[in-house]
Amino acid sequence: MKFFIPHAKSEEEETKVYEAIKEFAKTNTSWEIKERRIFSIEYTHDGKRIYAEVGKKENLIGEEVIAILESGYLNVSVYLVCTPNRGVIRGMPILVGENAVYIVDFDK
């Protein structure tokens, strides 16, 4: 799958929005945000299987996923699922630990 940001009208707008999301995440978490571009992530939360894919509603809070980032904290990867109210416009992203995750990257 080719990289995209939902609702962006051009590659320039995708880049601008993606960089703003990364900066907002870095500001909110104080963690390094890696360059990896993630298309989808599957993980377990409170015993429930959660699937999040860019451009679709995820099944934890029911919001559209705008971006999924990989961050680094104390040499551990933490994944950040960014929705409008969790990491894009306001609030902290949904935090996913590196344990028991299945990740699909965008094509390079």
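The peptide list 4-12, 88-96, put in order of mean Cβ contacts within 10 Å with the highest first, becomes 88-96, 4-12. Sort segment 2-55 into rounded, prolate or oblate with this rule: let a ≥ b ≥ c be the square roots of the eigenvalues of the Cα gyration tensor; rounded if a/c is under 1.5, and if a/c is not under 1.5, prolate when a/b is larger than b/c, oblate otherwise. Judged from the Cα gyration tensor, segment 2-55 comes out oblate (a/c at least 1.5, b/c at or above a/b). For segment 75-82, the Karplus equation 6.51 cos²θ - 1.76 cosθ + 1.60, evaluated at θ = phi - 60°, returns couplings of 6, 10, 7, 10, 9, 10, 8, 9 Hz by residue, with Gly and Pro reported as x. A P(r) calculated from all alpha carbon pairs of segment 11-105, with 10 Å bins opening at zero, reads 17, 54, 27, 2 percent.
With neighbours defined as other Cβ atoms within 10 Å of a residue's Cβ, the residues T29, T44 order from fewest to most as T44, T29.
Computed from backbone phi with θ = phi - 60° and the Karplus coefficients 6.51, -1.76 and 1.60, the 3J(HN,Hα) list for segment 32-41 is 5, 9, 7, 7, 4, 10, 9, 8, 8, 8 Hz; x is used for glycine and proline.
Summing +1 for each Lys or Arg and -1 for each Asp or Glu among the other residues whose beta-carbon sits under 11 angstrom from that of K2 gives -1.
With unit charges on the beta carbon (Lys/Arg positive, Asp/Glu negative), name the residue among V78, G97, Y51 whose Cα is farthest towards the positive pole of the charge dipole of segment 31-108. In segment 31-108, that residue is Y51.
Computed from the coordinates by the stated procedures, all read-outs in this text should not be read as laboratory data. Please read all numbers here as calculations on a predicted model, not as lab measurements. Positions of Cβ are backbone-derived with ideal geometry, glycine not excepted, and every protein chain shown enters the neighbour counts.
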